[in-house]
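First up is the structure itself, then whatever we jot down about it.
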Amino acid sequence: MTRLLRLYPQLLRTGFAEAVAYRAEFLIWMFSTNMPLVMLAIWAAAARSGPVGGYSQEGFAAYYLAALLVRLMTGAWVVWEMTMEIRQGTLALRLLRPIHPLLQWSADNLAAIPMRGVVAIPVVAILLYVARGQLSHDWFSWALLCPALLGAWLLYFLVQAIIGTLALRFESAASLFDAWLGFSNILSGYLIPLDLFPRAVRELALVLPFRFQLSFPVELMLGRWSRAEALELLAAQWAYVALFLVSTRVAWRSGLRHYAAYGG
Amino acid sequence: MMRALRVVRAQLRASVAVALQYRFEFAVEGALALLWMGVTLVPLVVVFGTRDSVAGWTFPEMLVVLGWFVALKGVLEGTLSPSLMQVVEHVRKGTLDFVLLKPADAQLLVSFSKIEPWRVTDFAGAAVIFAFAFQRIGHAPALMHVLLAAVMLCAAVMVLYSIAILVVAIAFIAVRVDNLLYLFQSVFDVARWPSTVFRGTLAVVFTFVLPLALMTTYPALALLGKLTPQTAVGALVGTLLFAGVARAIWISSIRRYTSASS
C-alpha cells in the first residue's frame, strides 16, 4: 500500500507529461465533444415561444453547459486502449510490470484532467455569464459536486474497464462499448434532461446507473435536490461504484486466465 | 474520364471485398448503425412531444431533414472518413509516396480506398424515415421534387467530400492534428437540424462558411417542394466553387508535401 502511494503520484506525473506532449490532438478530442451544444440548439429554438416542461431558454443553456462540463471533466478512454493492447499483444509487456495495468491506465486517464480543465474553463465562464441565475445557491451542493464528479468518472472508467476486459475473450468488445454508449447517451441525461422523458422511461432511467454518470452532478450544479436527497443520491452513486469495482476485479481475474498473448 | 470511372469501380470492388471477409463484424456493425439511428431519433420525438412546430418546421418535415442527415452520415462515416483517415496514416508512416507513384490521380486513389459496407443500413434507415414522414404528411412527393432532391443530394455529397479533402490537406501541413477529421465528423452532427434552428452569426456560418444547410436542409426543402429555384441554382454554383477550391488546395498541398522518409 505504501509502495502504491509512492508510485501513483509518479504515474500521474508521467501521464500528465504525455497529455502535454500530445496537446494539439488532445484539444481537438476535447472540442469534438459538442453534442450538448447541438441539443441546446434545438431546445433553445423550441423554447423561443415559451418554457418547455419548466425549462426556459436560459434553463436549457444552464443544463446543457453543465452537462458539457461534466462530460469534459469525467472523460476516460481506457476501453480503446485495452482492446488495442490486447489485440496487438502489448498487454503482455504491461503484465510484466510490478503494478496492476488498470492502475496504470487509471493514472493516465486521471492525469489528463488538468488539460481537460483548460478546455472546461471557457465553458464555466460562458455558463456563469449566460445562466448564473439557474445555478445552485447552496454551498452544500457545490461541496458534494467533488465526490459526485469523482464517482461519475469512476463509473465511466470502470464500465470501460469491465468491457475492455471482455476483449480478452471476445473480438468485438469495442462494439459492445459502442452499444453501451448509445444507451448511456439517452439514459444518462446527456442528450435530453431526464425530467422531459415520458414517465415510464424516466422511472427506468432513475434506477439504472447511467444517471449517476452525468445527470446527477448536473442536477447538483442546478440545485435540484435538497441536502438530504443529495446525500442519499451520492450514497446510491457510490454503491454503484463499489458494485462496479467488484465486477471489474472479478472480470479481470477470470479474463486473464483466458488470455493467450498474441505474438508472444 | 472513363479511365477515372474504371479506377473508382475497381477500388470500390476491392474495398468491399476486403470488408466482406469479416461477416460477423458486418452483422454487429449493421446492428450498431441501427441502434445509433434510434438514438438520433429520440431527441426529435421528445422535442415534438412538447411542441407542434419548431423554428417553422413540423415533425414530419423535420424527419425529412433527419433522413438526409442519416444518409449523409452513412456516406461520411462509411466511405469518406475511413478512406481519408488512411491518407493521414500514410502521411505519418511515409507510405504516401507509394500512392503518389501510381499512374492514376492520387486524390481519386485515396478517396475510395476503404469502405464500410454495413453502413448501407443507414440508407435503408433513411428510406424508412422518409416513408414514415411522407405518410404523416399525407401525400407522396411529386416526381419533379424527387428529381430536384436527387440533384441537391449530389451537391450535398460533393460539398461533404470537398470538406473532407480540405481537412486532409491540412494534415499535410500539420501532421500533429491527425484527428481533425473526427472533429469535422462531430461538427457535422449539427446538420441534423434545419438551418432555421440557428440565428444570427451561427446561421450565416452554417450556410456559407461550413455549408451544413446545403447538405441536409436544401435537399429536404426540395423533397418537400419548398425550395425556390434561385436557392437551388445558388447552391449548385456554390457547390462547384467549393469543389474547385478544395481540388486546388489538395493539389497545392500535394506539391508542398515532403515525404517523411526523404
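For B:Thr258, are the conditions met, namely being under 28 Å from B:Thr58 (Cβ atoms), modelled with pLDDT under 90 and open to solvent by 30 Å² or more (accessible area, probe 1.4 Å)?
Here the answer is no, as B:Thr258 does not meet what is asked.
Identify all residues within segment A:237-251 that are small (Gly, Ala, Ser) and loosely packed, with under 15 Cβ neighbours inside 10 Å; write none if there are none.
Listed by number, the residues that qualify are A:Ala239, A:Ala242.
Scan segment A:194-221 for residues that are in contact (Cβ under 8 Å) with a residue 24 or more places away in the chain and either open to solvent by 20 Å² or more (accessible area, probe 1.4 Å) or within 14 Å of another protein chain (Cβ to nearest Cβ) (or both) and report the count.
Of the residues in segment A:194-221, 4 are in contact (Cβ under 8 Å) with a residue 24 or more places away in the chain and either open to solvent by 20 Å² or more (accessible area, probe 1.4 Å) or within 14 Å of another protein chain (Cβ to nearest Cβ) (or both).
Test of understanding: among A:Ile163, A:Ile126, which residue is part of a helix (DSSP H, G or I) and closer than 30 Å to A:Leu103 by Cβ? Even if it seems obvious, please write down each step before you answer.
Values: A:Ile126 fails: closer than 30 Å to A:Leu103 by Cβ.
From the options A:Ile163, A:Ile126, the qualifying one is A:Ile163.
Just need a number here: residues in segment B:7-26 that are in a helix (DSSP H, G or I) and at the interface with chain A (Cβ under 10 Å from one of its Cβ atoms).
2
Tally time: how many residues in segment A:128-175 are within 14 Å of chain B (Cβ to nearest Cβ) and under 14 Å from the mean Cα position of the chain (by Cα)?
Qualifying residue count, segment A:128-175: 0.
In segment A:26-59, which residues are touching a residue at least 60 places away in the same chain (Cβ under 8 Å) and part of a helix (DSSP H, G or I)?
Result: A:Phe26, A:Leu27, A:Met30, A:Phe31, A:Met35, A:Pro36, A:Met39, A:Glu58, A:Gly59.
Within segment A:110-132, how many residues turn out to be in contact with an Asp or Glu (Cβ under 9 Å, 6 or more places away or on another chain) and open to solvent by less than 60 Å² (accessible area, probe 1.4 Å)?
Matching residues across segment A:110-132 total 3.
Can you pull out every residue in segment B:165-177 that is more than 7 Å from chain A (Cβ to nearest Cβ) and at pLDDT below 85?
B:Val167, B:Val168, B:Ala169, B:Ile170, B:Ala171, B:Phe172, B:Ile173, B:Ala174, B:Val175, listed by residue number.
Yes or no: B:Leu66 farther than 29 Å from A:Ala41 by Cα and either away from chain A (no Cβ under 13 Å) or out of contact with any Asp or Glu (no Cβ under 7 Å at 6 or more places or on another chain) (or both)?
no
So A:Leu191 passes all but one of these: (1) more than 11 Å from every other protein chain (Cβ to nearest Cβ); (2) of a type outside the set (Asp, Glu); (3) assigned to a loop (DSSP other than H, G, I, E, B). Which condition number does it fail?
(1)
I'm trying to understand the selection: among the residues of segment A:163-188, which are surrounded by fewer than 22 Cβ atoms within 10 Å (Cβ to Cβ) and among the β-branched types (Val, Ile, Thr)?
Listed by number, the list holds a single entry, A:Ile186.
When the residues of segment B:30-51 are narrowed to those that are within 7 Å of chain A (Cβ to nearest Cβ) and over 17 Å from A:Ile42 (Cβ atoms), which ends up least open to solvent (accessible area, probe 1.4 Å)?
Out of the qualifying residues, it is B:Leu32.
With the requirement that a residue be facing chain B (nearest Cβ under 9 Å), within 27 Å of the chain's Cα centre (by Cα) and more than 11 Å from A:Leu72 (Cα to Cα), what does segment A:28-60 give you?
Of everything in segment A:28-60, those that are facing chain B (nearest Cβ under 9 Å), within 27 Å of the chain's Cα centre (by Cα) and more than 11 Å from A:Leu72 (Cα to Cα) turn out to be A:Ile28, A:Met35, A:Leu37, A:Val38, A:Met39, A:Ala41, A:Ile42, A:Trp43, A:Ala44, A:Gly53.
Would you point out the residue of segment B:45-60, among those that are without any contact (Cβ under 8 Å) to a residue 40 or more places away in the chain and in a helix (DSSP H, G or I), that is nearest to B:Ala126 (Cα to Cα)?
B:Val45
The values are calculated or read from the model by the stated rules, or taken from the named source; none is laboratory data. Keep in mind that this is a model prediction, so the values were computed, not measured. For neighbour counting, all protein chains shown are included, and Cβ atoms are generated from backbone atoms with ideal geometry for every residue, glycine included. Heavy atoms of the whole protein, side chains included, go into the accessibility calculation; ligands, DNA and RNA do not. Shrake-Rupley method; radii C 1.70, N 1.55, O 1.52, S 1.80 Å.
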